[in-house]
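Structure record follows, encoded as structure tokens.
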Amino acid sequence: MAKTNPGNFFEDFELGAELVHAVPRTVTEGDQALYVALTGDRFPLHCSAEFARSLGFERETVNDLLTFHMVFGKTVNDVSLNAVANLGYAGLRFLRPVYPGDTLRSVSKVVGKKENSSGKTGVVWVRTTGTNQRGEMVLEYYRWVMVHKRDPETPTGAKDIPEMPAEVAVSELVVPEGLDLSRYQSWPSGGAAFWDDYEVGERIDHVDGMTIEESEHMLATRLYQNTAKVHFNAHAMESSRFGKRLMYGGHVISVVRALSFNGMENTLAILAFNGGAHANPTFAGDTLYAWSEILDKQPLPGRDDCGALRARLVGVKNADPTQEEIPLKVEKDGKKRYHPNVVLDLDYWLLMPTA
Amino acid sequence: MAKTNPGNFFEDFELGAELVHAVPRTVTEGDQALYVALTGDRFPLHCSAEFARSLGFERETVNDLLTFHMVFGKTVNDVSLNAVANLGYAGLRFLRPVYPGDTLRSVSKVVGKKENSSGKTGVVWVRTTGTNQRGEMVLEYYRWVMVHKRDPETPTGAKDIPEMPAEVAVSELVVPEGLDLSRYQSWPSGGAAFWDDYEVGERIDHVDGMTIEESEHMLATRLYQNTAKVHFNAHAMESSRFGKRLMYGGHVISVVRALSFNGMENTLAILAFNGGAHANPTFAGDTLYAWSEILDKQPLPGRDDCGALRARLVGVKNADPTQEEIPLKVEKDGKKRYHPNVVLDLDYWLLMPTA
Amino acid sequence: MAKTNPGNFFEDFELGAELVHAVPRTVTEGDQALYVALTGDRFPLHCSAEFARSLGFERETVNDLLTFHMVFGKTVNDVSLNAVANLGYAGLRFLRPVYPGDTLRSVSKVVGKKENSSGKTGVVWVRTTGTNQRGEMVLEYYRWVMVHKRDPETPTGAKDIPEMPAEVAVSELVVPEGLDLSRYQSWPSGGAAFWDDYEVGERIDHVDGMTIEESEHMLATRLYQNTAKVHFNAHAMESSRFGKRLMYGGHVISVVRALSFNGMENTLAILAFNGGAHANPTFAGDTLYAWSEILDKQPLPGRDDCGALRARLVGVKNADPTQEEIPLKVEKDGKKRYHPNVVLDLDYWLLMPTA
């Protein structure tokens, strides 16, 4: 009997099947502290029990991205261990606050699969949900990956392509239950700007830069119990096309998001990801910078104390966008491609007090 | 009055004396999170309060090796600050679960001492026990080290050589009190193999590799408050025979053990170490791989829901044992020696559900 | 509306104004564990709930320096983001124990400002207080920094120079409320020397050396949510006069203080800083050593079970003061300057049991 997990191949994914992922994880104060130490996160809702209680929460909440990494990390072993490429995300929504002490589990349902014309690979679509110890959903998202076929010689005929949401509609955004902004103060965040102050089309340069070391991205990725081999094994990666370890894209998101605090301090939560791309790989030693572009702003049904802000969060490596112009995309061989220094292009919905 | 601790010399160890080690340590959720981040540990008993409770535990337990490192770390200052060599371990048994919030202390009793013929050094044997805040023993082991004599000119005549257990008998293995496997499920570990599925002589290659950085082994070793100088001082180690810092062997055990999750996911606990060797030194930048060989399997008295598995856990550096053959030992100058890439050879007893 | 914080310039500081600093921070077990892992701290009051309770505390307390870093870190964004130089500290007193679970906030009052003759910069003095969730002060200090003027052309006429305390008087030292030494035992610290055993003029070499990596000082500084750019941005620091990241001076204090455990194990708390200097910059890869010189010892009003010890704590890089003589200062160009290997010269008051 084979003991080790070889990962799933294209043929192993059955349409409609549910993959219950190991390992359930109790998120603790220890994870919270490490998250701050690894990313520089300063959003006060995750740092101060007092601030959180003043807004109707039980105590400080777990950073939305830490929740995402925990839920996502569990899926790697079943979904993407044999992935050729991570093709996309869609319809990611945060549904409920997570507190230190909550235990998270992840389940993915196969919602689509399509064999590629080469016969060597196929695309698998899953809907993943993260659930707490009471069975309440805290997070859901769609993801699609290209995976190897076990047997390139035998066609499977799979051609079930699901429709992915192009964006998360405002009506589907979930404001954390019990959120009470009647006592909201801005000194805990230190930010002077609110939902009303941001304009569609506005660009905010987040000024600061953060260099990342090998040990830092590995500590983060192990904390999330993400087992993708490319992040940890310098010996094996020597013979890869990069010649070295690749940083977990989620750590890039977290660091860039933490940088965005400077200029978007009153953000209360990430409500949803509409979509995003890891535009270029990031390696240890890279310094990350960030800017945001306001794409849309919408009132939230039944609330006049907070609104939704749609922003494009851009991460740039080894070039300071306040010092030199870094276009998001450049023309190369007649095609628009991401600028080689752009590493992240994330389109997301944020929750912010109105004034 | 001398203020700093010069460590104990051979003459300072009195047969029968008890060394009560500083510093007692409350193990917390913070230590747990760091242990995951530093080693990649995924055994669900230490990650999920819900899983732990379903088996009769109060909450998630502290990884056995984290308990070991905490108990062992305290002994360094008194036992091995002047050690020439760590000669061996024997009879190491885990006796009781440790929970976040428990406070550990360590006491070592000198159970043997023998002067070497050179007159410059001697061997000291201690029995160390780790105890929680209720005075309950959680861990015990024998250890022997070669230490410098303070005065090489004056023979001490010491020749008390105690008998060390060659292995821990099955009858001495302690199953955690209250362990209830009637509701055991395998999705939390993700492993399909149980005690019944492992065969004596079987070898499991654990597939993954993990590179370790200087900051990582130092963070781990400081977390355990282990004060051995060789791990922390690059300036002083420049003139050592290695020219650089040496990784704490315990961190190697932890990482290799974490790698062994892939293929032995349903392991519930380490019950005992029969013995082991740090076969070669490990340095920052090394990539660790692991394999296990099943040495024995035995039922446990009074239990049909779980059994004991005796395994040899082997750690290898900078060579992937699934890609090239790495024999445990090789012949050199007419002697069997460990292969130069083998860094750990640990013989231990594991607890696993029967099916 | 500008969204990002450009930091305050000299003209922005109004005499008497109160700066309420973002971000309030609940200190947790996670922060405690990271502090041990990053610094090697072993003072048992911060490690063992049992030891702390035996002395009348609720549980293990937060290391005084961790409290300092948390309180100080918050002030950077408002006080020193545009600082040309950190000129000094004075009158720093620890006023009350901090426990995991407490939420800290920082407020700074502008108590002085003086324009420099160049017209380009000025000096600003602040009194900063750290407060817990009950509004009780846990820490206070004075600090003065040189900051850029926004407009070098327009003189401000500011010349309010406050008097800074040259030292903290013994009568102003605060022994933690409820401290009960009647059951004090020394095995938890492992130290044999008490207040009575230290002599004015005595020097204690702390023996051990600790090398610090980039990721370590960045993890520490991010944990404290200190946003000073020089510590994090390798890309920008390439063009600085050092050509690389600079270590947060507070991390140097913490590591050197942790090294001082060897020889001053029975220290119960830091009561106050009289003053100090970051004598030379510290960079990743440097190895820190430490010595202490006893400057004064004084009984504490109303207590015969503990006394105050005034010590100079000296940090040295890349030279072992037990192996080569490192004078604190050397003559250069006719001036006394710090020896180039000296990185810290801290004058502080410690609390220690009398015997």
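Seen against the Cα atoms of chain C and their longest principal axis, helix C:249-259 is set at about 10 degrees.
From the alpha carbon centroid of the stretch A:309-330 to that of the stretch B:224-251 is 42 Å. Put a dot 7 Å past the Cα of B:Arg53, heading toward its Cβ, do the same for C:Asp196, and the two dots end up 5.2 nm apart.
Scaling the Cα radius of gyration of the stretch C:28-98 by the globular reference 2.2 N^0.38 Å produces a ratio of 1.33. Please list, in order, the residues from the stretch A:6-26 whose amide nitrogen is less than 20 Å from a point placed 7 Å along the Cα→Cβ vector of A:Thr154. Once the point is set 7 Å along Cα→Cβ of A:Thr154, A:6-17 turn out to lie under 20 Å by backbone N, inside the stretch A:6-26. Taken over the C-alpha atoms, the stretch A:10-153 has Rg and Dmax values of 17.4, 62 angstrom.
Is there a pair in C:Lys74/C:Lys120; C:Lys3/C:Lys229; C:Lys149/C:Lys336; B:Lys229/B:Lys332; A:Lys329/C:Lys244 whose C-alpha atoms are over 21 Å apart, and which pairs would that be?
Going by Cα-Cα distance, C:Lys74/C:Lys120; C:Lys149/C:Lys336; B:Lys229/B:Lys332; A:Lys329/C:Lys244 fall outside the 21 Å limit.
Residue ranges A:86-92, A:10-16, A:97-103 sort as A:97-103, A:86-92, A:10-16 when ordered by packing (mean number of other C-beta atoms within 10 Å per residue, highest first). Relative to one another, the C-alpha centroids of the stretch A:159-197 and the stretch C:1-26 are positioned 27 Å apart. Helix A:214-223 and the long axis of chain A differ in direction by around 90°, with both axes built from C-alpha atoms.
Inter-label distance, B:Val330 to A:Ala85: 4.2 nm, where each label sits 7 Å from its Cα along the C-beta direction. In whole Å, how far is the Cα centre of the stretch C:45-124 from that of the stretch B:84-135? Comparing the Cα centres of the stretch C:45-124 and the stretch B:84-135, I get a distance of 41 Å.
Peptide B:47-58 shows a mean partner chain C-beta count of 4 within 10 Å per residue C-beta.
Relative contact order for chain A: what percent, with Cα pairs under 8 Å and sequence separation of 6 or more?
Across chain A, relative contact order equals 19 percent.
Where in the stretch B:139-218 are there trypsin sites (Lys or Arg not before Pro) that are in a DSSP coil and have at most 15 other Cβ atoms within 10 angstrom of their Cβ? For trypsin sites (Lys or Arg not before Pro) across the stretch B:139-218 that sit outside H, G, I, E and B with at most 15 neighbouring Cβ atoms in 10 Å, the list reads B:Arg150, B:Arg183. Applying a DSSP loop filter and a limit of 15 other Cβ atoms within 10 Å to the GluC sites (Glu not before Pro) in the stretch A:61-142 leaves A:Glu136.
For chain A, the longest principal axis of the Cα atoms and the long axis of helix A:29-39 meet at an angle of about 90 degrees. With a cut-off of 9 Å between beta carbons, the residues surrounding B:Leu55 carry a summed charge of +1, where Lys and Arg count +1 and Asp and Glu -1. Residue by residue along B:224-233, Cβ atoms of other protein chains within 10 Å of the local Cβ number 4 on average.
The value obtained for the stretch C:4-54, namely the Cα convex hull volume divided by the number of residues, is 185 Å³ per residue.
With Kirkwood's inverse mean 1/r over C-alpha pairs for Rh, give me the Rg to Rh ratio of chain C, two decimals please.
0.96
Computed over the protein assembly as shown, the P(r) curve from all C-alpha pair distances, binned at 10 Å from the origin, holds 2, 10, 20, 24, 21, 14, 7, 2, 0 percent per bin.
Summary of packing: across the peptides C:231-240, B:209-218, the per-residue average of other C-beta atoms within 10 Å ranks them, highest first, as B:209-218, C:231-240. Just so you know, the Cα atoms of the stretch A:239-355 work out to an Rg and Dmax of 15.9, 56 Å. Each eigenvalue of the Cα gyration tensor of the stretch B:152-311, multiplied by 5 and square-rooted, gives one semi-axis; in descending order these are 35, 24, 14 Å. Take each residue of peptide C:200-212, count the partner chain Cβ atoms within 10 Å of its Cβ, and average: the result is 4.
Laboratory data are not the source of any read-out in this text; all were calculated from the coordinates shown. Predicted model only: the values in this text are computed from it and were never measured. So basically every Cβ, Gly included, is an ideal-geometry build from the backbone, and we count neighbours across all protein chains shown.
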